[in-house]
Amino acid sequence: MEKLFTYGTLRDPATQQRLLGRTLGEGAPDTLRGYRLARLTGIHEVYSILQPHPGSTVEGMLFEVSAEELARLDAYEGEAYQRVSVRLVSKNRAWAYMENPKSSFRIHIEPPDSP
């Protein structure tokens, strides 16, 4: 099993059920340092997206998923996100989805302090 740090829609049990055919349970609260949450807009909804940002932290949940489930989540997250390995405050190493610097969707990312 793989560890996955979630901070947005993947925390939602209904989304988990729709994408993975199961819910991921309660998970464990955890924190990611050196990143902030921005907004990905201009698609069909507004989504949260991680961006590197020294001095910032993001609160989220840590879940366990299979390699097959990660592949499904990769497809769901699409081009705007990339999956990277991060070290959490708990010292756990986990996968997290963050902005893809090569994505054409970058023009739709707004910092968290935008109106």
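The values are calculated or read from the model by the stated rules, or taken from the named source; none is laboratory data. Treat the numbers as computed from the prediction; the structure is a model and nothing was measured. Neighbour counts run over all protein chains shown; Cβ positions are idealised from the backbone, glycine included.
Miscellaneous remarks
A quick yes/no check of all residues on (1) surrounded by 17 or more Cβ atoms within 10 Å (Cβ to Cβ); (2) within 19 Å of residue 88 (Cα to Cα):
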{"position": "23", "(1), (2)": "no, no"}
{"position": "28", "(1), (2)": "no, yes"}
{"position": "34", "(1), (2)": "no, yes"}
{"position": "49", "(1), (2)": "yes, yes"}
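- Looking only at segment 30-52, and only at residues there that are under 16 Å from residue 87 (Cβ atoms) and not β-branched (Val, Ile, Thr), the one that is nearest to the chain's Cα centre (by Cα): 50
- Meets criteria (closer than 25 Å to residue 1 by Cα, touching a Leu at 6+ places or on another chain (Cβ under 6 Å), of a type in the set (D, E, K, R) and at pLDDT 95 or above) for residue 30: yes
- Residues located in segment 99-115, provided they are in contact with an Asp or Glu (Cβ under 8 Å, 6 or more places away or on another chain), at pLDDT below 75 and among the hydroxyl-bearing types (Ser, Thr, Tyr): 104
- Among the residues examined, residue 75 does not qualify as touching a strand residue (DSSP E or B) at 6+ places or on another chain (Cβ under 9 Å), among the aliphatic types (A, V, I, L, M), over 17 Å from residue 110 (Cα atoms) and surrounded by fewer than 20 Cβ atoms within 10 Å (Cβ to Cβ).
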